[in-house]
1. Neighbouring Cβ atoms within 10 Å as the yardstick, rank VAL137, VAL117 fewest first.
2. Among GLU175, GLU13, GLU77, which one moves the most in a GNM of the chain with springs linking Cα atoms closer than 10 Å?
3. Run through the DSSP bridge list for the chain and note the antiparallel percent, rounded to the nearest 5.
4. Calculate for the chain the 222 nm mean residue ellipticity that helices alone would give, adding -39,500 (n - 2.57) per DSSP H run of length 4 or more and normalising by residue count, nearest 500 deg cm²/dmol.
5. When a/c is below 1.5 the answer is rounded, else prolate if a/b is larger than b/c, else oblate, so apply that to the stretch 134-234 with a ≥ b ≥ c taken from the square roots of the Cα gyration tensor eigenvalues.
6. Tell me, what is a quarter of the convex hull surface for the C-alpha atoms of the chain, in nm² with one decimal?
7. Which whole-angstrom value gives the distance between the alpha carbon centres of the stretch 136-161 and the stretch 33-94?
8. Less than 17 Å apart at the alpha-carbon level, and either on another chain or at least 8 residues along: which aspartates and glutamates does that give for LYS196?
Amino acid sequence: METLKGSRLLLVEDDVRIGSLLRSELQAKGLAVTWAQNLAEARATTHDQFDLVMIDLGLPDGDGTELVREWRNAQAEIVIVILTARGEEIDVLVGLDAGADDYLVKPVRLAELTARVQAHLRRSSAALGRGDSFLRVGELGLDLAARRVNLGSKELKLRSREYDLLVRLADDCGEAVRRETLMDDVWDVNWFGSTKTLDVHIAALRRVLAEAAQQTRVVAPTITALRGFGYRLDP
């Protein structure tokens with residue numbers, strides 16, 4: 001778990017037993033953990049810098065989904081993980097659509113949870129360490145060093161995993177990429193969860209590209225779904 005050391009995590013969890021256990025486990029792995037037990041305490045930390053935020057949805061003073069949206073709007077690059085007892089498909093889709101990168105359903109094995117946290121932190125660290133380079137797909141420009149994307153003259157506001165997914169598709173522009181390959185490369189080879197998170201992020205990317213194309217009157221690349229296989233970015 002070397003990639004955890006020195007990273008900062010905000011844990012938003014109202015259950016004292018679960019919160020204590022998670023904080024102890026993650027601190028033992030070298031992570032600096034700040035624990036908030038409700039929305040108010042979590043909101044008081046919004047100006048702090050965290051690498052990852054882990055949020056429960058059923059909080060005593062409101063729904064954690066609100067916090068997911070707030071953190072996503074405040075810090076586009078931050079990794080957000082939902083950890084909740086709500087396991088219905090609609091809850092998963094709403095949570096991911098609100099801006100979460102991952103969705104874990106309680107009870108979850110500690111080994112799985114720490115592996116997922118490690119995978120997210122490793123992905124973020126690798127992305128920040130990419131060399132100075134630039135990709136272009138038609139009118140879409142991707143500055144890999146600055147993690148910025150422009151369509152024509154407009155800069156797109158992308159969540160961290162949306163950006164990583166777009167870069168991965170752009171790397172093989174015009175070629176079909178398997179779902180499993182996208183999950184391995186953008187999330188992690190040890191991914192335990194549903195691949196629906198891929199579809200949610202694809203849908204979000206399509207919305208951003210379509211809105212930017214309409215505003216700039218520039219033709220945007222399209223993301224084509226290949227039934228039973230994966231996706232392809234077409235310039």
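1. VAL137, VAL117
2. Of GLU175, GLU13, GLU77, the Gaussian network model singles out GLU175 as fluctuating most.
3. Around 55 percent antiparallel, to the nearest 5.
4. Taken over the chain, the calculation gives -12500 deg cm²/dmol.
5. Here the stretch 134-234 falls in the prolate category.
6. Averaging across all directions leaves 12.6 nm² for the Cα convex hull.
7. Their Cα centres are 26 Å away from one another.
8. Partners found: GLU88, GLU89, ASP91, ASP97, ASP101, ASP102, GLU162, ASP164, GLU180, ASP184, ASP185, ASP188.
Coordinate-derived values only; no laboratory data. Here the structure is a predicted model, which is why all the values come from computation and not from measurement. Note: ideal-geometry Cβ built from the backbone for every residue, glycine included; neighbour counts use all protein chains shown.
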